[in-house]
Amino acid sequence: MTATRTIIKTQVGVVGGGPAGLMLSHLLAKTGIENLVVEMRDHETIRNTHRAGILEAQAVKMLVDSGINGRVLTHGDEHAGIDLRFNGESHPLDFTELVDATVTLYAQNEVFVDLAAARELDGGDVRFSAEVTELLDLETDTPKFRFTDAEGTEFEVHCDVLVGADGSRSFCRRQIPETNRQDFKIEYPFAWFGILTEAPKSSPELIYANSPHGFALISQRSETVQRMYFQCDPNENTDDWSEDRIWTELQRRVDGPDGFELKTGPIFDKSVLKFRSFVREPLSHGRLFLIGDAGHTVPPTGAKGLNLAFADVRVLFEALDSFYATKNETLLHGYSDKALKRVWKAQNFSYWMTSMLHTPVNADPFMAKRALGELETVTSSRFGQQYLAESYTGWPHG
């Protein structure tokens, strides 16, 4: 005999309690729109999942202006540029001088911690360790979803609008009929070998390095902990890499006549990050709307992932606010087209940065030289530098 499900009624049901889902939930609650968030993972798993985070100024403003605690300002590290390094030489780009903008280095799991704390403080209904098992009635005015909590209790949520914010392996995305969707994607033939190390900063700004041995990113986490990556085979085994081997590989990718040397220290985390470019069109079906990685993913080279998710949230929140204030669905119907314009700009920029900075597997000499020519063109032209700076720091919302 099937157990009786508990019925929950709310205005907006959000599947996915990462930064995108929690930010939307927070904004909705501040305007009095009732919502429920359901997340498969537990709080501690998300909190301890180390992911880089470069926030555009508009993402920082979104956090601060919406009343999230100001840790992003006190603990985030504002950066005024990056360093493009190729042929063993550094080419600094000053974003402030070029486009009057900055970015802030603030890890994605810290964004989650801030948003989760805000929802708890406000009494938000966020349920972790809860698995969504079914979506129903998406093309009606009352979409529904079923989930089971950590104790095995079954629930059925009835809402006006359902939002899929459940990441790149989105369950919600898969429920859209094949006849109503189109996927655009490419797989990259390389990955990033990432480390966290207890070491001082090697450079004031992040270094994006093109070398004959492959790409390297010398990023940061704090004054004492640094995040670094180097291009590798997607099937690379982290156990095969000793600390000495890792540091040797990273150093040779930034070597140059200027004698630049990385500052090293104990490595306490190693991982291989595979990536691809993916877009689902449209980002909606009936009363189901996709935001963030549920609808699109980008390679991390352009630092666009979390920023795109927050841009989606902004567009969808404005549509939902209008819907509940006027009962007019015009902005809801326009959500996908509006969000996708920014998504495709970000896809172009991320693909461009990735292809320009990485050394293709088994690349012929022409392609390697072509990439260097492109880097030379960008760094020797103010217009080229401004294009990169504007794209990296983010286009205006709206």
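Return the residues of the stretch 25-70 that are among the basic types (K, R) and touching a Phe, Trp or Tyr at 6+ places or on another chain (Cβ under 8 Å); say none if nothing qualifies.
Correct list: R41, R47.
What tally of residues in the stretch 58-92 results from selecting those that are in contact (Cβ under 8 Å) with a residue 40 or more places away in the chain and either of a type in the set (K, R) or part of a loop (DSSP other than H, G, I, E, B) (or both)?
The total comes to 9.
From the residues in the stretch 356-390 that are more than 22 Å from A303 (Cα to Cα) and touching a residue at least 40 places away in the same chain (Cβ under 8 Å), which one is most open to solvent (accessible area, probe 1.4 Å)?
Among residues in the stretch 356-390 that are more than 22 Å from A303 (Cα to Cα) and touching a residue at least 40 places away in the same chain (Cβ under 8 Å), the one most open to solvent (accessible area, probe 1.4 Å) is V361.
Can you find even one residue in the stretch 101-122 that is of a type in the set (D, E, K, R), surrounded by fewer than 18 Cβ atoms within 10 Å (Cβ to Cβ) and under 20 Å from R287 (Cα atoms)?
Taking every residue of the stretch 101-122 in turn, none turns out to be of a type in the set (D, E, K, R), surrounded by fewer than 18 Cβ atoms within 10 Å (Cβ to Cβ) and under 20 Å from R287 (Cα atoms).
Please work out which residue is surrounded by the most Cβ atoms within 10 Å (Cβ to Cβ), limiting yourself to the stretch 276-311 and to residues that are farther than 21 Å from T142 by Cα and more than 14 Å from the chain's Cα centre (by Cα).
Only one residue fits best here, namely R280.
Mind telling me which of the residues L24, L55 ends up being open to solvent by less than 40 Å² (accessible area, probe 1.4 Å) and either outside any helix (DSSP H, G or I) or among the basic types (K, R) (or both)?
Just a single option satisfies the conditions, and that option is L55.
Among the candidates T140, T179, T133, which residue alone is part of a helix (DSSP H, G or I), more than 30 Å from V60 (Cβ to Cβ) and either open to solvent by 50 Å² or more (accessible area, probe 1.4 Å) or at pLDDT below 95 (or both)?
When all the criteria are applied, what remains is T179.
Which residue, of P189, P257, P200, P212, is open to solvent by 20 Å² or more (accessible area, probe 1.4 Å), in a strand (DSSP E or B) and farther than 21 Å from R51 by Cβ?
Only one candidate qualifies: P189.
I need the full set of residues from the stretch 355-398 which are of a type in the set (F, W, Y), modelled with pLDDT under 95 and within 21 Å of the chain's Cα centre (by Cα), in order please.
W395
Do the conditions hold for T104, that is, is it under 25 Å from F275 (Cβ atoms) and either assigned to a helix (DSSP H, G or I) or at pLDDT 95 or above (or both)?
Here the answer is yes, as T104 does meet what is asked.
The values are calculated or read from the model by the stated rules, or taken from the named source; none is laboratory data. Just so it is clear, the model here is predicted, and its values are computed rather than measured. So basically every Cβ, Gly included, is an ideal-geometry build from the backbone, and we count neighbours across all protein chains shown. Note: areas computed on protein heavy atoms with side chains; ligands, DNA, RNA excluded. Shrake-Rupley method; radii C 1.70, N 1.55, O 1.52, S 1.80 Å.
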